[in-house]
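Right, one structure below, let's go through it.
Where a number appears in this text, it was derived from the coordinates with a stated rule and is not lab data. Just so it is clear, the structure is predicted and the values come from calculations on it, not from any experiment. Note that each Cβ is placed from the backbone with ideal geometry, even for glycine, and that neighbours are counted across all protein chains shown.
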Amino acid sequence: MKVPALWASVAVAVRALWLASTGPVIAWDGHIYARTALRLARGMGFVDTWNNLPPYRPTAFYPVGYPALLGLAYRVVGPSPWVAAGLNLLASAAVTASAVLLAQRASSRHGAHLAGALTALLPGGVMYVSTYMTEPVSAALLVLAVLFLARHGREGKRWSALAAGLCLGVGGLVRPQVLLLAPVLALASAEGARRRVAALGWAGLACALCVLPWTARNCARLDGCALVSVNGGSNLWIGADPVARGGYRDLRAREGCDRVHGEVAKDRCYGRLALGRIAGDPIGWASLAFDKVHELLDFEAAPAAYLRDAAAPSAARDRLFLRREAALTGGHRALCALALLAVVLRARGAAWTLEARLAAWAVGGSVAVHAVFFGGDRYHLVFSPLLAVLASTTLPRR
């Protein structure tokens, strides 16, 4: 069996065993995703995420991509939490195989095995297969996009750039932050102005064909235009609040936008508040970037916290959470240490391969986006496979 297929099989097998013991569970935003997917499957459209009583109104507060994928699967096999688990298994297989393929080019056969082991076996990725959350699908789409762009950079094939743009477009509908990475990755995938323009053009075309129809729907159905979703302004406002210390907090009453009606208008209101706060204390806002990066990268608790919050409260549940959190954080920090070592080796003269360079740009761009908005440890699960690709380059390239 080839190395990518081997580790993809291991990833699926380990996660299937985990699901057999734990099963899929719904918590956090998963309740909204499940409810919205069911409404899409019934032909109701993308309507109120919070309101459980008719009349339902069109919405774009949450991105549409993940509920749409679930809703499509619901139409085929029926609504069940196991649909989300199956989607996560498929995403895990795709992300593991793609990370191994990138590592084979970036490093060596031994490096590919290291990337495969890190992607398939780290406990955070295994436990997160039980969730109704967007990160597994987002990770698969991002790593596939990097893989296709690397192939385009090496071979110059137009279809590779189009495939990468398709992954980035669908990924942007799942997590709009991906759209900020798309032009950076396309430009980094080629050498020379002509090839860079070609990569940007073909990938951008496919990306736009995915996103713009949804943008047109938003412009027609909402109180204003929105590219994908309408929570960018509120997220910027949360990230500009020093009380939040770089992490997420709920929006509060009497913050200044309570009387503004319409999703787009309200989000623009929060955006104006955020820009006003940033302009009033730019140094203080910039210093919050350290807190945001800390929330993003310094620990890993989300997979265990999700499972804790999905279960009935108990002291035993809380003790289990603490043990799981320690294991998750230890594995994540080891992965980050290897990736950082790879960057240090490149800085000291080791050659950057195209695949390693693209992985580094994707990771660095993701960190930069969260340094502007806010951090959260579950968000690093989107680019953890690319950290594994970087980690693979710590081994000799032979």
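For the range 3-392, the relative contact order works out to 22 percent when only alpha carbon pairs closer than 8 Å and six or more residues apart are counted. In the chain, the sites counted are GluC sites (Glu not before Pro) in DSSP loop states with at most 16 other Cβ atoms within 10 Å, and the longest stretch holding none of them, exclusive of the sites, is 1-190.
Using θ = phi - 60° in the Karplus curve 6.51 cos²θ - 1.76 cosθ + 1.60, the 3J(HN,Hα) couplings for the range 230-247 round to 10, 10, x, x, 5, 5, 5, 5, 4, x, 8, 8, x, 5, 6, 6, x, x Hz; x is entered for Gly and Pro. Sorting the segments 84-92, 29-37 by their mean number of nearby beta carbons within 10 angstrom, highest to lowest, gives 84-92, 29-37. Report D for the range 155-215 in µm² per second (integer): Stokes-Einstein, Kirkwood Rh on Cα pairs, 4 °C, 1.567 mPa s. Using the Kirkwood radius from Cα pairs, D works out to 116 µm²/s. Counting other Cβ atoms within 10 Å as a rough exposure proxy, the listed residues 320, 179, 387, 17 run 17, 320, 179, 387 from fewest neighbours to most. Annotation for the range 308-390: trypsin sites (Lys or Arg not before Pro) lying in DSSP loop with at most 15 further Cβ atoms inside 10 Å of their Cβ are 348. Using Cβ point charges alone (K and R +1, D and E -1), the dipole size of the chain about the Cα centre works out to roughly 940 debye. By the Cβ-Cβ criterion of under 4.7 Å, the unpaired cysteines of the chain are 167, 207, 210, 336. Sorting 283, 26 by the number of Cβ atoms found within 10 Å of their own Cβ, with the fewest placed first, yields 283, 26.
The slack between residue 350 and residue 80, meaning 0.36 nm per residue of separation minus the straight C-alpha distance, is 92.3 nm.
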